[in-house]
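Worksheet: one structure, shown below.
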Amino acid sequence: MSKDIIVVTAAYSTQAVKQLGGQQALLNIIQGASADGVEIRQELLLPNDRLADISNQLKSRQLTAVYSVPDTLFQQREPIIISKLQGYFDEAKQLNARFLKLSLGEPPENYDLSEVINVINRYTTQLVIENDQTEAGGHIAPLERFFMGVAAQNIPIKMAFDMANWYWQHEDPLKAAHIFTKQVAYIHVKACQLRTDKHVAVALDDSDGSWEEVLQILPNNVPRGIEFPLEGHDLRAITEHYVSLLKGV
(Lines give C-alpha, C1' and ligand atoms only; values in the text may rest on other atoms or scores of the structure.)
Protein backbone atom coordinates (compact mmCIF):
# COMPACT_ATOMS: atom_id res chain seq x y z
CA MET A 1 0.00 0.00 0.00
CA SER A 2 1.44 3.37 -1.05
CA LYS A 3 1.46 5.85 1.80
CA ASP A 4 0.53 9.51 1.45
CA ILE A 5 3.44 11.67 2.55
CA ILE A 6 2.77 15.28 3.53
CA VAL A 7 5.59 17.79 3.87
CA VAL A 8 5.08 20.36 6.62
CA THR A 9 6.39 23.71 5.42
CA ALA A 10 7.73 24.47 8.90
CA ALA A 11 10.19 21.57 8.44
CA TYR A 12 12.30 23.99 6.39
CA SER A 13 12.43 26.45 9.34
CA THR A 14 10.67 29.78 9.64
CA GLN A 15 13.76 31.67 8.50
CA ALA A 16 14.21 29.53 5.40
CA VAL A 17 10.55 29.87 4.42
CA LYS A 18 10.79 33.67 4.62
CA GLN A 19 14.10 33.78 2.77
CA LEU A 20 12.69 31.67 -0.05
CA GLY A 21 9.69 33.97 -0.37
CA GLY A 22 6.98 32.16 1.53
CA GLN A 23 5.35 28.75 1.57
CA GLN A 24 4.40 28.92 -2.11
CA ALA A 25 8.10 28.93 -3.00
CA LEU A 26 8.40 25.44 -1.49
CA LEU A 27 5.76 23.80 -3.66
CA ASN A 28 8.09 22.97 -6.57
CA ILE A 29 10.59 21.45 -4.13
CA ILE A 30 7.89 19.35 -2.50
CA GLN A 31 6.38 18.25 -5.81
CA GLY A 32 9.85 17.42 -7.15
CA ALA A 33 10.44 15.22 -4.11
CA SER A 34 7.42 13.05 -5.05
CA ALA A 35 5.43 14.01 -1.95
CA ASP A 36 1.64 13.80 -1.99
CA GLY A 37 0.74 16.95 -0.11
CA VAL A 38 1.71 20.00 1.89
CA GLU A 39 0.83 21.21 5.37
CA ILE A 40 0.30 24.95 5.13
CA ARG A 41 0.95 26.77 8.39
CA GLN A 42 -1.21 29.79 9.15
CA GLU A 43 1.59 31.40 11.18
CA LEU A 44 3.93 31.28 8.15
CA LEU A 45 1.54 33.03 5.78
CA LEU A 46 2.90 36.34 4.49
CA PRO A 47 0.77 39.50 4.37
CA ASN A 48 0.27 39.24 0.60
CA ASP A 49 -0.48 35.52 0.53
CA ARG A 50 -3.89 34.53 -0.79
CA LEU A 51 -5.15 31.09 0.15
CA ALA A 52 -7.00 30.76 -3.16
CA ASP A 53 -3.73 31.30 -5.04
CA ILE A 54 -1.96 28.72 -2.89
CA SER A 55 -4.83 26.30 -3.51
CA ASN A 56 -4.55 26.76 -7.27
CA GLN A 57 -0.81 26.16 -7.13
CA LEU A 58 -1.34 23.01 -5.09
CA LYS A 59 -3.98 21.76 -7.51
CA SER A 60 -1.78 22.38 -10.54
CA ARG A 61 0.92 20.25 -8.90
CA GLN A 62 -1.54 17.56 -7.78
CA LEU A 63 -0.68 18.17 -4.13
CA THR A 64 -3.23 17.83 -1.34
CA ALA A 65 -3.41 20.29 1.56
CA VAL A 66 -3.47 20.19 5.35
CA TYR A 67 -4.12 23.47 7.17
CA SER A 68 -2.49 24.02 10.56
CA VAL A 69 -3.61 26.83 12.85
CA PRO A 70 -1.71 27.63 16.08
CA ASP A 71 -4.84 27.75 18.21
CA THR A 72 -6.75 25.50 20.60
CA LEU A 73 -10.18 23.88 20.67
CA PHE A 74 -10.66 25.00 24.28
CA GLN A 75 -9.76 28.47 25.52
CA GLN A 76 -10.03 29.71 29.09
CA ARG A 77 -11.70 26.38 29.89
CA GLU A 78 -14.48 26.99 27.38
CA PRO A 79 -14.95 25.74 23.81
CA ILE A 80 -13.45 27.96 21.12
CA ILE A 81 -15.53 30.95 20.00
CA ILE A 82 -17.64 29.58 17.17
CA SER A 83 -17.04 32.47 14.77
CA LYS A 84 -13.30 31.93 15.15
CA LEU A 85 -13.60 28.20 14.45
CA GLN A 86 -15.80 28.88 11.44
CA GLY A 87 -13.18 31.32 10.14
CA TYR A 88 -10.53 28.61 10.36
CA PHE A 89 -12.76 26.17 8.50
CA ASP A 90 -13.45 28.80 5.82
CA GLU A 91 -9.69 29.24 5.35
CA ALA A 92 -9.22 25.47 5.18
CA LYS A 93 -12.01 25.29 2.60
CA GLN A 94 -10.20 27.83 0.42
CA LEU A 95 -7.23 25.48 0.42
CA ASN A 96 -9.49 22.46 -0.19
CA ALA A 97 -7.69 21.07 2.86
CA ARG A 98 -8.15 17.49 3.93
CA PHE A 99 -7.48 18.36 7.58
CA LEU A 100 -7.75 21.41 9.82
CA LYS A 101 -5.32 20.98 12.70
CA LEU A 102 -5.64 22.59 16.14
CA SER A 103 -4.33 21.74 19.61
CA LEU A 104 -6.53 20.76 22.56
CA GLY A 105 -6.13 23.59 25.06
CA GLU A 106 -7.58 23.14 28.53
CA PRO A 107 -11.06 21.56 28.62
CA PRO A 108 -13.24 22.01 31.71
CA GLU A 109 -14.57 18.92 33.44
CA ASN A 110 -17.91 19.26 31.66
CA TYR A 111 -18.49 20.95 28.33
CA ASP A 112 -20.91 21.12 25.42
CA LEU A 113 -19.49 20.81 21.89
CA SER A 114 -22.85 20.90 20.09
CA GLU A 115 -22.09 24.23 18.38
CA VAL A 116 -18.63 22.98 17.41
CA ILE A 117 -20.19 19.84 15.93
CA ASN A 118 -22.67 21.94 13.94
CA VAL A 119 -19.76 23.85 12.38
CA ILE A 120 -17.74 20.69 11.66
CA ASN A 121 -20.73 19.10 9.90
CA ARG A 122 -20.97 22.00 7.43
CA TYR A 123 -17.53 21.28 5.97
CA THR A 124 -15.78 18.37 4.29
CA THR A 125 -12.48 19.19 6.04
CA GLN A 126 -11.72 16.85 8.96
CA LEU A 127 -10.90 18.53 12.28
CA VAL A 128 -7.89 16.92 13.96
CA ILE A 129 -6.46 17.70 17.39
CA GLU A 130 -2.71 17.43 17.83
CA ASN A 131 -0.77 16.63 20.97
CA ASP A 132 1.44 19.71 21.31
CA GLN A 133 4.40 20.52 23.56
CA THR A 134 2.46 22.42 26.22
CA GLU A 135 1.45 21.46 29.73
CA ALA A 136 -2.22 21.62 28.74
CA GLY A 137 -2.06 19.80 25.43
CA GLY A 138 0.98 17.55 25.66
CA HIS A 139 0.03 15.05 28.35
CA ILE A 140 -1.58 11.67 27.70
CA ALA A 141 -4.25 11.85 30.43
CA PRO A 142 -6.27 14.92 29.29
CA LEU A 143 -6.07 13.86 25.65
CA GLU A 144 -7.20 10.36 26.56
CA ARG A 145 -10.17 11.76 28.50
CA PHE A 146 -11.07 14.00 25.58
CA PHE A 147 -10.91 11.28 22.93
CA MET A 148 -12.83 8.84 25.15
CA GLY A 149 -15.61 11.43 25.21
CA VAL A 150 -15.32 11.95 21.46
CA ALA A 151 -15.66 8.21 20.85
CA ALA A 152 -18.53 7.77 23.31
CA GLN A 153 -20.53 10.60 21.76
CA ASN A 154 -19.49 9.84 18.17
CA ILE A 155 -18.14 13.38 17.73
CA PRO A 156 -16.49 13.86 14.30
CA ILE A 157 -13.03 14.83 15.61
CA LYS A 158 -9.88 12.80 15.02
CA MET A 159 -6.29 12.97 16.26
CA ALA A 160 -3.13 14.31 14.68
CA PHE A 161 -0.47 12.25 16.46
CA ASP A 162 2.88 14.00 16.79
CA MET A 163 5.40 11.27 17.51
CA ALA A 164 7.96 13.40 19.34
CA ASN A 165 5.99 16.15 21.09
CA TRP A 166 5.33 13.73 23.97
CA TYR A 167 8.95 14.06 25.08
CA TRP A 168 8.50 17.74 25.93
CA GLN A 169 6.10 16.72 28.73
CA HIS A 170 8.05 13.58 29.69
CA GLU A 171 5.46 11.23 28.24
CA ASP A 172 6.19 7.91 26.50
CA PRO A 173 5.42 7.97 22.75
CA LEU A 174 5.08 4.19 22.62
CA LYS A 175 2.49 4.21 25.40
CA ALA A 176 0.66 7.05 23.68
CA ALA A 177 0.68 5.23 20.34
CA HIS A 178 -1.01 2.19 21.88
CA ILE A 179 -3.64 4.37 23.57
CA PHE A 180 -4.55 6.63 20.66
CA THR A 181 -4.05 4.48 17.56
CA LYS A 182 -7.80 4.13 16.88
CA GLN A 183 -8.29 7.91 16.92
CA VAL A 184 -5.35 8.77 14.66
CA ALA A 185 -6.14 10.23 11.23
CA TYR A 186 -2.83 12.01 10.58
CA ILE A 187 0.70 11.50 11.83
CA HIS A 188 3.49 14.02 12.35
CA VAL A 189 6.64 11.97 11.95
CA LYS A 190 9.33 13.51 14.11
CA ALA A 191 12.32 12.54 16.24
CA CYS A 192 14.08 14.49 18.94
CA GLN A 193 17.21 14.55 21.07
CA LEU A 194 18.01 15.98 24.47
CA ARG A 195 20.72 18.62 24.11
CA THR A 196 21.91 20.57 27.14
CA ASP A 197 18.71 19.63 29.00
CA LYS A 198 16.51 20.79 26.14
CA HIS A 199 14.56 18.71 23.65
CA VAL A 200 15.16 19.59 20.00
CA ALA A 201 13.67 18.07 16.86
CA VAL A 202 16.16 16.22 14.65
CA ALA A 203 16.09 14.55 11.24
CA LEU A 204 15.33 10.84 11.30
CA ASP A 205 18.83 9.88 10.15
CA ASP A 206 20.28 11.78 13.12
CA SER A 207 18.03 10.08 15.68
CA ASP A 208 18.32 6.89 17.72
CA GLY A 209 15.81 5.18 15.43
CA SER A 210 13.10 4.74 18.07
CA TRP A 211 10.65 6.66 15.85
CA GLU A 212 10.19 3.57 13.66
CA GLU A 213 8.85 1.44 16.52
CA VAL A 214 6.28 4.13 17.33
CA LEU A 215 5.29 4.46 13.68
CA GLN A 216 4.68 0.72 13.38
CA ILE A 217 2.01 0.88 16.12
CA LEU A 218 0.10 3.68 14.41
CA PRO A 219 -2.28 3.16 11.46
CA ASN A 220 -0.44 2.58 8.19
CA ASN A 221 -3.26 3.92 6.03
CA VAL A 222 -3.25 7.55 7.22
CA PRO A 223 -1.11 10.41 5.86
CA ARG A 224 2.35 10.84 7.35
CA GLY A 225 3.63 14.38 7.72
CA ILE A 226 7.34 15.21 7.69
CA GLU A 227 7.82 17.74 10.51
CA PHE A 228 11.46 17.18 11.42
CA PRO A 229 14.17 19.56 10.11
CA LEU A 230 14.80 19.44 6.37
CA GLU A 231 18.12 21.20 5.88
CA GLY A 232 20.96 21.21 3.36
CA HIS A 233 22.14 22.75 0.12
CA ASP A 234 19.75 20.60 -1.97
CA LEU A 235 16.34 20.77 -0.32
CA ARG A 236 14.64 18.76 -3.03
CA ALA A 237 17.08 15.88 -2.63
CA ILE A 238 16.85 15.78 1.17
CA THR A 239 13.05 15.99 1.00
CA GLU A 240 12.91 13.21 -1.58
CA HIS A 241 15.14 11.03 0.60
CA TYR A 242 12.70 11.20 3.50
CA VAL A 243 9.57 10.96 1.33
CA SER A 244 10.96 7.72 -0.10
CA LEU A 245 11.96 6.46 3.37
CA LEU A 246 8.51 7.06 4.85
CA LYS A 247 6.71 5.52 1.89
CA GLY A 248 8.71 2.37 2.47
CA VAL A 249 8.35 1.78 6.23
Subject >> Charge tally in the Cβ shell below 10 Å around Leu102, where Lys, Arg are +1 and Asp, Glu are -1, Leu102 excluded >> reply: -2
Original post:
Per residue, how much accessible area does the stretch 1-156 have with a 1.4 Å probe, in Å²?
Top reply: 48
Original post:
Measuring from the lowest to the highest alpha carbon on each principal axis, how far does the chain reach, largest first, in angstroms?
Top reply: 51, 40, 38
Original post:
Considering only Leu113, Tyr123, Tyr88, whose Cα is most displaced toward the positive end of the charge dipole of the stretch 71-131, charges sitting on Cβ of Lys, Arg (+1) and Asp, Glu (-1)?
Top reply: Tyr123
Original post:
Relative contact order for the chain: what is it in percent, counting Cα pairs under 8 Å that are at least 6 residues apart?
Top reply: 21
**OP:** Hey, could you grab the Kirkwood Rh for the stretch 11-62? Inverse mean 1/r over distinct alpha carbon pairs, Å, one decimal.
**Re:** 11.3
Original post:
Can you give the % of DSSP beta bridges in the chain that are antiparallel, to the nearest 5?
Top reply: 20
Subject >> For the stretch 94-153: relative contact order, % (alpha-carbon pairs under 8 angstrom, 6 or more apart) >> reply: 40
**OP:** Report the equivalent ellipsoid semi-axes for the stretch 8-154 in whole Å, largest first, defined as the square roots of five times the eigenvalues of the gyration tensor built from alpha carbon atoms.
**Re:** 29, 16, 14
Original post:
Per the helix-only calculation at 222 nm, which mean residue ellipticity applies to the chain, given -39500 (n - 2.57) for every DSSP H run of n ≥ 4 and division by its residues, nearest 500 deg cm²/dmol?
Top reply: -10000 deg cm²/dmol
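The values are calculated or read from the model by the stated rules, or taken from the named source; none is laboratory data. Quick caveat, the model's predicted, so the values are computed rather than measured. A quick note on method: Cβ atoms are made from the backbone with ideal geometry, for glycine too, and the neighbour counts reach across all protein chains shown. With ligands, DNA and RNA removed, areas are computed over all heavy atoms of the protein, side chains included. Shrake-Rupley method; radii C 1.70, N 1.55, O 1.52, S 1.80 Å.
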